[in-house]
C-alpha cells in the first residue's frame, strides 16, 4: 500500500518532506487536508497510535486562536477540534497501511520508520 502524506501544499515542512520522498524514490499519495480534511474516525485512529499531543500544530494560527482553555482539553476535546479544523493538525502526517507512523519531518526519524537506509 502506498504511503499517504497528509498536509497542505504551502507548508514548508511538507515541501521538504515531499522533496525527500521524491529524492529517495518512495512512492506516496499526497492528501491536501484543506481540500480533503480527515474524518473523525481517521483522527481517532491517529490519536490512538501517536497520541493527541504530538498531533498538535502549536505554531499555527488556529492553535493560538483557541485560548488558554486548550491547556485543560482532554483527548476527546482534541479529536473533536482536529475534526473541525484540520489546520490544528501538525504537518506532514505519514500514514502507512492505514496506520499513522509519523508526524512532522525529521529525515532520520522518517528513514527509521520507513526502514530506509
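Bear in mind that the values in this text are calculations on the coordinates, not laboratory data. Quick caveat: nothing in here was measured; it's all calculated off a predicted structure. Virtual Cβ from ideal backbone geometry, glycine too; neighbours counted across all protein chains shown.
Please give the contour-minus-distance gain from residue 32 to residue 53: 0.36 nm per residue of separation, less the Cα-Cα distance, rounded to one decimal in nm.
Extending this stretch completely gives an extra 5.4 nm.
Testing the spin-label approximation: label points 7 Å from Cα along Cα→Cβ at residue 45 and residue 19. State their distance in nm.
My value for the distance between the label points is 3.1 nm.
Take the Cα atoms of region 6-61, find their three principal axes, and give me the spread along each one in whole Å, biggest first.
Between the extreme Cα coordinates on each principal axis of region 6-61 lie 31, 25, 21 Å.
Using a Gaussian network model of the chain with C-alpha springs under 10 Å, which one of 85, 45, 22 is most mobile by mean-square fluctuation?
22
Restricting to the chain, what percent of DSSP beta bridges are antiparallel, rounded to 5? Intermediate values should be presented prior to the final figure.
Values: 8 of 13 bridges.
In the chain, approximately 60 percent of DSSP beta bridges are antiparallel ones.
Once you wrap a convex hull around the alpha carbon atoms of the chain, what is its projected area averaged over all directions, in nm²? List each step's numbers first, then the result.
Details: hull surface 28.0 nm².
Across all orientations, the chain yields a mean hull projection of 7.0 nm².
Arranged by the count of other C-beta atoms within 10 angstrom, fewest first, what order do 10, 33 take?
Lowest count first: 10, 33.
Could you put 55, 93 in order, starting from the residue whose Cβ has the fewest other Cβ atoms within 10 Å? It would help to have the intermediate numbers written out before the result.
Numbers: 55 22, 93 26.
Fewest-to-most Cβ neighbours within 10 Å comes out as 55, 93.
Between rounded, prolate and oblate, where does region 31-75 land on the alpha carbon gyration tensor, with a ≥ b ≥ c its root eigenvalues, rounded for a/c under 1.5, else prolate if a/b exceeds b/c? Let's see the in-between values first.
Values: a/c = 2.19, a/b = 1.25, b/c = 1.75.
Cα axes put region 31-75 in the oblate bin.
Using the 10 angstrom Cβ neighbour count as an exposure proxy, how do 69, 75 rank, fewest first?
Going from sparsest to densest Cβ surroundings: 69, 75.
Okay, helix-only estimate at 222 nm for the chain: each DSSP H run of n ≥ 4 adds -39500 (n - 2.57), divide by all residues, round to 500 deg cm²/dmol; what do you get?
Values: 5 runs with 47 residues, N = 117.
Mean residue ellipticity, 222 nm, calculated: -11500 deg cm²/dmol.
Suppose a student asked you for the relative contact order of the chain, using Cα pairs under 8 Å spaced at least 6 residues apart; what percent would you report? Display every interim value, and only then the final one.
Working: 153 pairs, mean separation 41.8, N = 117.
Dividing the mean separation by the residue count of the chain yields 36 percent.
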